[in-house]
Amino acid sequence: TVGGMLLFGKEPQRHLPHTGIHMVNVNGNRKESVTVKGNLIEMLEKTVEILDLMLKYTPFPKGVYQEAIANALVHRDYFDTSRQITLFISSKRIEITNPGASTEGDRKEGASRERNPSRRNMWLYDRLTVIDTQNRFRESGIGLIHMKKALQGKGRIKILNSKKNNLFKLIII
């Protein structure tokens, strides 16, 4: 199954090219891009490792962007084969866009207040909570609440949810 490939595959992107994470780093006039590949746990770890290097001089706590990426991986619409999860990184912001509008509709506050959210990929989420030895997916569902608390005094989060375009964007400013 697609879920099995995403969890246990060596490089699922060979068969599912839309499942990678495309990162664009804008640093002054320089623009670098990289596509992260691997199973879901590998992509989370590689992406956070790259962000740690890019963001070491910013006020954004590691836990905030790690949570945001974990949420994007588990909540994305894997049936949308037209695009990958995309990260746009600059010294002032991180934008994480994933295919799949929030199942909570277009309410901005709905996703951050929901304590028992509906999950698009329940089977995937269930398996991730078991195989992730660092428990990065276990608290998923109240992740936005944790991110907002961690950013107090250091930044804020903006959420854009478009059912029309089937996109969810989280901006850390």
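When the listed pairs K37/K62; K31/K56; K46/K163 are checked against a 25 Å cut-off, the alpha-carbon distance exceeds it for K46/K163.
For a modelled paramagnetic label at K10, 7 Å from Cα along Cα-to-Cβ, the residues of region 24-39 in reach, with backbone nitrogen under 20 Å, are 36-39.
Per the Kirkwood formula applied to alpha carbons, the chain shows a radius of gyration over Rh ratio, Rg over Rh, of 0.93.
Each value in this text was obtained by applying a stated rule to the coordinates, not by laboratory testing. Everything numeric in this text was worked out from a predicted model, so none of it was measured. FYI the Cβ positions are ideal-geometry reconstructions off the backbone, even for glycines, and counts take in every protein chain you see.
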